[in-house]
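*Asks:* Could you have a look at this structure, given as structure tokens, before my questions?
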Amino acid sequence: MELVAVNGVLAGTAYVLAQGLVIPSPDDASPGQRGCRILAVDAGEFTLEAVDGDMSLFVNGLPLSGRPLRTGDEVRLGDSLFIARAHERVPTTVLDACPVSLGRLAKTPHVLEMPFDDAVLYADGVDELRAGDDLAKLTRAVGALTSVRGLAAIDSALAGFILGVVPAERVAFVDHDGRALSVRSGWSSAGSKAIEVDEEIVKHACRQRSASIVEAGGRQVLAGPMIAFGRATGAVWVEAAAAATLDQGHLRLLLVIAALAAVAREESRETAWLQESKERLQAEINLEHNMVGRSQAMRTVFDRIARVAQTDATVLIRGESGTGKELVARAVHRNSARATRPFVAINCAALTESLLESELFGHEKGAFTGALGVKKGRLELADGGTLFLDEIGELPLNLQAKLLRALQEREFERVGGTRPVRVDFRLVAATNRDIDAAVKSSAFRQDLFYRLNVVSLTLPPLRERKQDLPLLADYFLRKHAVRCGRQSCTLTPDVVTCFLGYDWPGNVRELENIIEQALVLGSGDCVVPDDLPPGLFPSGAPAPASSLDYHQTLERTKRDLIAHAFEQAGRNHTQAARLLGVHPNYLHRLLRNLDLRARIGAR
């Protein structure tokens, strides 16, 4: 009888049981540590005795009771699992990973085929001795598969086990998604030569849920499906050793082992996916922000915000006007340790140089005409919190030098003052200019740029994340609908199509303004293309060939119909709206969008 380690640091080690044999502790395989001692009970029968009182020793999941070991017993010593077996040794050959190619092999006659259901559900006629031996092998397979984690570890453990219980030299695993095959991995105990897998045989095994033995390349090959949760998730290709013969027992055993491994793989894959989803959702939950977007570009931005917010590093936010740079700055502050302290924002492009200096650094009483008292600047007001400088690229050069000193020394002097004021703030700056070009042209100080560009965040323009357009449009619709008295208003599919075809030079800010304008000026339960401003879609913009004539004809018909209504109403706007069956405000918008005022001369 032997004890074979199937996992842990002693994995693959076999101990031939003998009186007085001591197995080292798997937790510390140094010679000075001993785990358990083998005791002979009777001729050919053995039991175990723990040497270290602190070492846990279990047989078949129960604390050691002193009963003799039997073939197939599981012995857990510490964190390692051993299997008791008789007259069989674990293969000592080392497996090499090898490439696998899918193709079509010539002359592959079938020797034997067995459906999966027959192998698993019906075992009539199986030799009892063979069945008992196979059961022991399956027991070890379960122990091996339950002791590994990760898809790659499952493949390598399964390959080694298959080559140990089937007279084979090479094994390959192939994935099947219901339509196509893809190579997963290949393993060999006889060199790293590429394994050639017959694509048609593997597809047949997956479609028919059956395993078969064929002759290929002068040797027998066993191909069988890996069944998990009622479907074939892949297949295993096993090449027998030279002159070895495979039989029905090998076929049955491989089908069952492959099914166990397939379930383990799917569970491992599902666990990995759930863990990844949990971490992603947890990060989104923990990240507090007011931004809308599910595109990959915005997920990258959210991830960067979550990472940088935990530090005190200076952040430079780049992006076109209207992309939401201030929202990012507020998100960085809100998710930082300074969240309970002030968030102070100032637009560097909105003030003259003299006013901007006073706003940033404050001033003393009498510093200039009208300075009737001491005024704290934005840097001082942001003490302990976050200072957000929007449009930092517009900061005058002399103020750049003063800001650089405040960043380096964390102190400054008010305008007209002589006493230094010490502050502790985090700086977040934003710009829509090409600040690298400004540095090269000496319009922006290089040393200040290096101070600002510790962590850089670039916001994608709306035209590069159009998959977020429907989500953003719906968000702004709900945001402004209540104030405009149109709570149940929705966007028509034509409006969404128009949005997707526009380049949005004003980005998210432009989208919000257009939605609000459509809600204010429109009527009815839907926002329709006529509610959109006339300049949104230039008449010269290209349109799909299939819809160009339709839109031109429709617009021309609208113009003629409205002009005819005004003629019938004697150029009276209210009467014309009544004839057309539309609201007077809607008719006003049609006149503006279709540029008809000069044509009809309405009163």
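*Asks:* Quick query: amide H of Ser456 versus all other amide H atoms, modeled in the peptide plane; which residues come in under 5 Å with a sequence gap of 5 or more or a different chain?
*Replies:* Amide H to amide H, under 5 Å and 5 or more residues apart or across chains, Ser456 pairs with Leu316.
*Asks:* Separate question: Too long at a 31 Å Cα-Cα cut-off: which of Lys402/Lys440; Lys402/Lys479; Lys203/Lys466; Lys376/Lys440; Lys325/Lys402?
*Replies:* Lys402/Lys479; Lys203/Lys466; Lys376/Lys440, as the Cα separations exceed 31 Å there.
*Asks:* Let me know the volume per residue of the alpha-carbon convex hull for the range 464-520, in Å³.
*Replies:* Numbers: hull volume 4.0 nm³, N = 57.
That works out to 71 Å³ per residue.
*Asks:* Under the rule of at least 5 residues apart or a separate chain, name every residue whose amide H is placed under 5 Å from the amide H of Leu81.
*Replies:* It is Val6, Asn7, by chain and number.
*Asks:* On to the next question. Could you tell me how far the Cα centroid of the range 298-377 sits from the Cα centroid of the range 422-469, in Å?
*Replies:* That distance is 13 Å.
*Asks:* Next question, about the same structure. Show me the ranking of peptides 419-426, 355-362 by mean Cβ neighbours inside 10 Å, starting with the highest.
*Replies:* Numbers: 419-426: 15.2, 355-362: 19.9.
For the peptides 419-426, 355-362, the packing ranking is 355-362, 419-426.
*Asks:* Then there is this: Can you work out ³J(HN,Hα) from phi for every residue in the range 351-361, in order, using Karplus 6.51 cos²θ - 1.76 cosθ + 1.60 and θ = phi - 60°, giving whole Hz and x for Gly and Pro?
*Replies:* 10, 5, 4, 5, 5, 5, 4, 5, 5, 6, 9
*Asks:* Given N residues in the range 203-270, what is Rg(Cα) / (2.2 N^0.38 Å)?
*Replies:* That ratio works out to 1.14.
*Asks:* Report the equivalent ellipsoid semi-axes for the range 348-489 in whole Å, largest first, defined as the square roots of five times the eigenvalues of the gyration tensor built from alpha carbon atoms.
*Replies:* That gives 36, 22, 14 Å for the three semi-axes.
*Asks:* List every residue whose amide H lies under 5 Å from the amide H of Leu69, counting only residues 5 or more places away in sequence or on a different chain, with H placed 1.01 Å from N in the peptide plane.
*Replies:* When sequence neighbours closer than 5 places are left aside, the close amide H contacts are Phe46, Thr47.
*Asks:* How would you order 98-104, 389-395 from highest to lowest mean count of nearby Cβ atoms within 10 Å?
*Replies:* The peptides rank, most packed first, as 389-395, 98-104.
*Asks:* Sticking with this structure for a sec: At 10 °C and 1.306 mPa s, what whole-number value in µm²/s does Stokes-Einstein give for the translational diffusion of the range 377-421, with Rh from the Kirkwood sum over Cα pairs?
*Replies:* Numbers: Rh = 11.5 Å.
Value of D from the Cα-based Kirkwood radius: 138 µm²/s.
*Asks:* While we're looking at this one, here's another question. I'd like to compare 342-353, 218-229: which one has the highest average count of other Cβ atoms within 10 Å, and what's the full order after that?
*Replies:* 218-229, 342-353
Read-outs throughout are calculated quantities, based only on the coordinates presented, and are distinct from any laboratory measurement. Because the structure is predicted, anything quoted here is derived from the model rather than measured. FYI the Cβ positions are ideal-geometry reconstructions off the backbone, even for glycines, and counts take in every protein chain you see.
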